[in-house]
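Participant: Here it is, the structure, as structure tokens.
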Amino acid sequence: MTRRFALHSVTKKFYLGLVLFFLYAPIFVLMVFSFNESRSRANWEGFTLDWYRVLLNDPAIARALRNTLLVAIFSTAIATTIGTFAAVGIDKLTRRARTLVMGISRIPVMMPDIVTGLSLMVLYLFVIRTFGFGRMGFGTLLISHVMFNVPYVILSVTPRLRRIDPNLYEAALDLGSTPIRAFFKVILPELMPGVFTGALLAFTLSVDDFMVSFFTTGVGVQNLSTYIFSQARMGVSPHINALSTLMFLAILALMFVIHKRDKIHAKRMKERMDVI
Amino acid sequence: MIKRAFAYPYIIWMVIFIVVPLILVGYYAITVTDFYGYTTFSMANFRRFFTEQVMGNRVFVSVATRSLRLALQSTLLCFAIGYPVAYIMTRKEYSEKSVLIFLLLAPMWMNFLVRTYAWLTILERNGLINNVLMRLMNRDTPVIDILYTDAAVLLGMVYNFLPFMILPIYTSLKKMDPRLIEAAQDLGAGGFNTFLRVVFPLSIPGVVSGITMVFMPGAATFVISNLLGGRQFFLLGNVVESSFIQQGDWHFGSAVAVLMMLMMVASMVVLSFFDKGENQGRSAMI
């Protein structure tokens with residue numbers, strides 16, 4: 001019996017290892033090749049840090065990286081704000097209206113990204129051609145990212161709303177608080193975990209997006225995804241690998257910090273519960 | 001009543017950026033613009049999709065068939081590879097679980113174009129695999145040559161979408177009450193029977209979210225086919241992209257987009273038959 005169990009667990013470990021190897025093999029390869037002296041993808045010709053130097057002196061990459069980060073930060077902030085307020089408001093709508101609004105909100109989540117991207121492009125160009133003002137660029141890119149991020153925030157916040165005791169809000173009003181103050185002091189703190197999840201999801205999706213950016217950005221405004229795509233047709237230079245390596249390590253570090261913070265937070269929550 | 005008003009700005013936003021664009025796409029799909037710039041209603045775009053022939057081959061129909069076939073194959077593969085992973089994960093200790101989830105999510109923080117592109121290095125005729133195999137087998141011709149074929153595109157799809165299958169299944173398995181399994185075993189069900197009659201049916205919501213998250217992006221991608229399938233390789237996504245971006249033919253591109261959306265709705269109707277709950281797409285990963 002023990003013997004069979006042991007075999008079982010070895011098989012499981014092996015299987016998990018195999019799947020993880022499949023997921024990480026390309027990442028490992030591109031990290032290694034970011035230190036390769038040759039420009040060629042296939043042959044290893046010695047260690048160098050040249051590509052990291054090239055990366056630091058490439059203004060196009062710097063611009064693309066700046067656009068990616070700016071769009072991610074602003075779209076996350078805007079989408080989180082709109083989405084949180086929307087979730088609170090939607091919860092108070094009549095049942096029928098709520099079903100309709102939630103149904104429509106779910107469209108961008110379910111729809112293939114390519115359709116989201118091209119439908120927004122059609123909207124922007126339609127407005128630009130009909131009214132003759134504006135152009136595709138950073139603005140349209142930002143609006144598009146907000147658009148596909150808001151539903152994720154709503155979907156993360158809504159479950160938290162169900163758990164709030166409505167009496168708390170009433171109590172705050174009875175004790176003389178204004179509704180706005182009651183919202184910020186009573187409701188919002190309860191929603192924070194959902195808001196945080198939504199924001200994290202929004203940020204990740206924004207940084208990772210290619211499809212929507214591809215269709216909704218304008219001439220001369222590129223983010224990392226569209227820049228890499230335009231390069232990929234000619235062959236990705238190793239300094240893109242260098243950039244990916246750096247970004248991967250940076251996000252890894254960030255996640256580690258968040259994880260630690262969560263742990264501390266959880267511990268504190270537990271202590272507070274114990275006191276009660 | 002101040003709180004209900006919180007939703008109004010969003011509702012206006014939603015109408016402008018979700019509803020109106022879709023109506024516009026629908027409008028372009030059922031109209032054509034002639035040489036003089038007059039726009040008339042017509043089903044010509046759809047007719048073209050289903051009938052246009054190149055050398056006796058209905059070109060767009062075969063593109064659609066290939067897209068659907070590859071999407072279906074990648075969904076099945078992701079399910080076959082991913083379900084056991086999710087199942088094994090639920091049986092792990094808590095700390096191991098969070099490490100595994102972390103390991104599954106981490107690759108997504110690296111731009112997927114770069115990751116997909118790295119497969120070129122691995123799969124090329126003189127790439128890593130062939131270099132190793134040629135040395136081991138003492139041959140001087142490439143051993144595997146799958147780059148720029150359906151197989152490479154399929155591999156790219158499975159590679160990119162596998163975590164989207166594993167995580168929702170894991171989430172639904174995790175929610176399951178372990179006492180149900182004990183009950184089944186107490187009532188005399190063997191390991192396999194317990195799995196088939198208790199565990200698997202309870203994980204169906206996760207499987208359904210996983211399928212939607214793998215199938216639709218697979219049917220709609222044009223990047224993976226562009227990189228790993230060579231440029232001449234055509235999926236539905238490539239048709240949409242080239243209609244809009246290269247040919248500037250919004251009417252035909254919109255018609256293909258509408259067909260894609262119909263496909264999505266159809267697959268969701270079929271799937272909702274298996275899953276009564278609310279399918280939340282990518283947010284099911286949380």
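Participant: Checking A:A182 against (1) within 23 Å of B:V15 (Cα to Cα); (2) open to solvent by less than 50 Å² (accessible area, probe 1.4 Å): exactly one of these is not met. Which one?
Facilitator: Of the numbered conditions (1) within 23 Å of B:V15 (Cα to Cα); (2) open to solvent by less than 50 Å² (accessible area, probe 1.4 Å), the odd one out for A:A182 is (1).
Participant: Still on this structure, please answer the following. Given the criteria at pLDDT below 90, among the β-branched types (V, I, T), open to solvent by less than 50 Å² (accessible area, probe 1.4 Å) and under 30 Å from B:I166 (Cβ atoms), does A:V109 qualify?
Facilitator: yes
Participant: Could you tell me whether B:E124 is open to solvent by 40 Å² or more (accessible area, probe 1.4 Å) and among the acidic types (D, E)?
Facilitator: no
Participant: Please give the number of the condition A:I82 fails out of (1) within 16 Å of A:V157 (Cα to Cα); (2) more than 7 Å from chain B (Cβ to nearest Cβ); (3) surrounded by fewer than 23 Cβ atoms within 10 Å (Cβ to Cβ).
Facilitator: Just one mismatch for A:I82, condition (2).
Participant: Do the conditions hold for B:L77, that is, is it outside any loop (DSSP other than H, G, I, E, B) and buried (at least 18 other Cβ atoms within 10 Å of the Cβ)?
Facilitator: Against the criterion (outside any loop (DSSP other than H, G, I, E, B) and buried (at least 18 other Cβ atoms within 10 Å of the Cβ)), B:L77 qualifies.
Participant: Which of the residues spanning the stretch A:201-210 are at the interface with chain B (Cβ under 9 Å from one of its Cβ atoms) and in a helix (DSSP H, G or I)?
Facilitator: A:L201, A:T204, A:L205, A:V207, A:D208
Participant: With (1) open to solvent by 60 Å² or more (accessible area, probe 1.4 Å); (2) free of Cβ contacts under 8 Å to residues at least 40 places away in the same chain as the list, and B:K92 as the residue in question, which single condition is left unmet?
Facilitator: (1)
Participant: Is one or more of the residues making up the stretch B:93-116 in contact with an Asp or Glu (Cβ under 7 Å, 6 or more places away or on another chain) and more than 30 Å from A:W44 (Cα to Cα)?
Facilitator: no
Participant: Condition (residue is assigned to a helix (DSSP H, G or I), over 27 Å from B:I30 (Cα atoms), open to solvent by 10 Å² or more (accessible area, probe 1.4 Å) and not β-branched (V, I, T)) applied to the stretch B:245-268: is it met by at least one residue?
Facilitator: no
The values are calculated or read from the model by the stated rules, or taken from the named source; none is laboratory data. The structure displayed is predicted, hence computed values, not measured ones. With ideal geometry, Cβ positions are generated from the backbone for all residues, glycine too; neighbour counts draw on all protein chains shown. Areas reflect the complete protein model, heavy atoms only, side chains present, ligands, DNA and RNA absent. Shrake-Rupley method; radii C 1.70, N 1.55, O 1.52, S 1.80 Å.
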